[in-house]
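See below for the structure under consideration.
The values are calculated or read from the model by the stated rules, or taken from the named source; none is laboratory data. A quick note: this is a predicted structure, and the numbers were derived from the prediction, not measured. Reconstructed Cβ throughout: ideal geometry from the backbone, glycine too, with neighbour counts over all protein chains shown.
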Amino acid sequence: MSKNPFKVYNDKPTTLDGIYSQAEVGLANRNSGVLLETLALDITPTGSHYLLNHFDVPLLDAENHRLKFSGSFREQLELSIDDIKALPALTMPVTMECAGNGRAGISPRSHSMPWVYEAVSTSEWTGTKLASLIDQACPKNDVVEISFTGADYGYDMGEPHFFGRSLTLAQIKELDILLVYAMNGAPLLPQHGAPLRIIVPGWYGMASVKWLTHIEALTKPYDGYQQVKTYQLKMHKDDPGIPIRNIRVKSLMVPPGVPDWSTRKRFVHAGEVNLVGRAWSGCGVPIETVEVEIAGQWRTANLSEKNDRYAWQKWTYSWQAEPGVYVLRCRARDMNGNVQPLDPPWDQAGFANNAAQQVNVFVGLEKSKVGPLS
């Protein structure tokens, strides 16, 4: 038998729209999305925060865990969780979105985790500024990048590796990256990277490496699988691609009314229906406007002020709903002029789809005329 039994899986199966393989269903069973009704909350409850774990969840012993700094640093640090907790602490609300969010809406889609809209959440992350620790370790003059390696290990497209990513020194200086040990006021859960991870605000979630074990100063660009062989925007399979970084402008609404169990289509009574949702964009760029489309007309929603640089903003709209069948949509524009598209932007792997959400709604008679909704 070959030493690598997964070399045969070096390409992805062909997909059919609306039909999901047993492997894709298995991925969906392991990786859960946010409950869209919790978009009504500023902070996502920890149990509802979306998950995307590439391999098995490492069960690390926090008490004995050590974070090692190696490579071209002048100081070869080795820090315990207690050492890190003794450093100046910062709690930051951050909206995080998976780069694959929306993949199921692209045709033909890539065979992978079949996200629709639910791979986004906002939590309060507590840790210490990464840049200060990098300065303490003191990179030498020949350093070009810093790599971050997690304890999660497995095969992807036939290639074995620990999950890892890298950032340049300029990016580390520019971005408000946190070395994190707590989430929503409690220690990190195993599935969210316990005992230690990084959070890269404003970038898609792949950059926020979980189960962090090593930080290495590199004298040449990092060539890890998750850095150079995926998470690239590509027009076709052989396209070298553009690295995925900043989150694209996006908005979602809480599906109004009550759902049908299997289709998740909605029913509401005629009359006033309060629509509510969230909008966000990458690297802390504020949202300028949110619009809601009802019966083919776009209406401007009320937008809350941006209180936290890297967290989503709330929007609301009061809809005087009349009986009928509707497809509601919402779209956001950020302060840099970026607007959510109505149709999915093409990407070969289905990354960074920020097309407007669609919600199917049936509006019935006024509640006073038909009695309580059961």
request  = Could you grab me the full set of residues in region 156-185 that are modelled with pLDDT of 95 or more and among the small types (Gly, Ala, Ser)?
outcome  = 164, 166, 170, 182, 185
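Yes or no: residue 90 under 30 Å from residue 303 (Cβ atoms), within 17 Å of the chain's Cα centre (by Cα) and of a type in the set (A, V, I, L, M, F, W, C)?
Criteria not met by residue 90.
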remark   = Scanning region 1-44 residue by residue, those of a type in the set (S, T, N, Q), in contact (Cβ under 8 Å) with a residue 40 or more places away in the chain and surrounded by fewer than 16 Cβ atoms within 10 Å (Cβ to Cβ) turn out to be 4, 10, 14, 21
task = Report yes if residue 248 is part of a strand (DSSP E or B) and basic (Lys, Arg), otherwise no.
result = no
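For region 190-224, enumerate the residues that are of a type outside the set (Val, Ile, Thr) and over 19 Å from the mean Cα position of the chain (by Cα).
Taking region 190-224 and keeping what is of a type outside the set (Val, Ile, Thr), we get 190-197, 201-208, 210-212, 214, 216-218, 220-224.
The answer is 195, 214, 216, 217, 218, 220, 221, 222, 223, 224.
Pick out the one residue from 69, 73, 6 that is modelled with pLDDT under 95 and of a type in the set (Phe, Trp, Tyr). Quick ask: steps written out before the conclusion?
Details: 69 fails: modelled with pLDDT under 95; 73 fails: modelled with pLDDT under 95.
Step by step, each of 69, 73, 6 is checked, and only 6 is modelled with pLDDT under 95 and of a type in the set (Phe, Trp, Tyr).
Limited to region 285-320, what total is found for residues that are over 24 Å from residue 119 (Cα atoms) and among the hydroxyl-bearing types (Ser, Thr, Tyr)? Don't jump to the end; show me each part of the working.
Residues of region 285-320 over 24 Å from residue 119 (Cα atoms): 294-300, 302, 318-320.
With among the hydroxyl-bearing types (Ser, Thr, Tyr) added as a condition, the list becomes 300, 318.
The total comes to 2.
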inquiry  = Return the residues of region 132-153 that are closer than 28 Å to residue 248 by Cβ and surrounded by fewer than 18 Cβ atoms within 10 Å (Cβ to Cβ); say none if nothing qualifies.
reply    = 144
query = Just a yes or no: is a residue in region 82-89 of a type outside the set (Asp, Glu) and in contact with an Asp or Glu (Cβ under 9 Å, 6 or more places away or on another chain)?
reply = no
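Scan region 185-213 for residues that are among the aromatic types (Phe, Trp, Tyr) and over 16 Å from residue 94 (Cβ atoms) and jot them down. First the steps, then the outcome.
Taking region 185-213 first, the residues among the aromatic types (Phe, Trp, Tyr) are 203-204, 211.
211, the sole residue that qualifies.
Is it the case, given these coordinates, that residue 217 is assigned to a loop (DSSP other than H, G, I, E, B), in contact with a strand residue (DSSP E or B) (Cβ under 9 Å, 6 or more places away or on another chain) and in contact (Cβ under 8 Å) with a residue 40 or more places away in the chain?
Working: assigned to a loop (DSSP other than H, G, I, E, B): no; in contact with a strand residue (DSSP E or B) (Cβ under 9 Å, 6 or more places away or on another chain): yes; in contact (Cβ under 8 Å) with a residue 40 or more places away in the chain: yes.
No, not satisfied.
Please note which strands (runs of 3 or more DSSP E) are completely contained in region 16-113 and include at least 3 residues that are over 23 Å from residue 214 (Cβ atoms). Walk me through how you get there before you give the answer.
Numbers: elements: 66-71, 78-80, 90-97.
In region 16-113, the matching strands (runs of 3 or more DSSP E) lie at 90-97.
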task = Tell me, please, whether a residue that is aliphatic (A, V, I, L, M), touching a residue at least 24 places away in the same chain (Cβ under 8 Å) and touching an Asp or Glu at 6+ places or on another chain (Cβ under 9 Å) can be found in region 178-190.
result = yes
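Touching a Leu at 6+ places or on another chain (Cβ under 6 Å) and in contact (Cβ under 8 Å) with a residue 24 or more places away in the chain: which single residue out of 119, 137 fits that description? Spell out the reasoning first.
Values: 119 fails: touching a Leu at 6+ places or on another chain (Cβ under 6 Å).
Of 119, 137, the one residue that is touching a Leu at 6+ places or on another chain (Cβ under 6 Å) and in contact (Cβ under 8 Å) with a residue 24 or more places away in the chain is 137.
Mind checking which residues of region 122-144 are assigned to a strand (DSSP E or B) and either among the β-branched types (Val, Ile, Thr) or under 24 Å from residue 263 (Cβ atoms) (or both)? Give the steps one after another, and end with the answer.
Taking region 122-144 and keeping what is assigned to a strand (DSSP E or B), we get 122-129, 139.
Within region 122-144, 122, 126, 128 qualify.
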Residues of region 45-70 that turn out to be surrounded by 15 or more Cβ atoms within 10 Å (Cβ to Cβ) and within 20 Å of residue 206 (Cα to Cα), as a count = 12
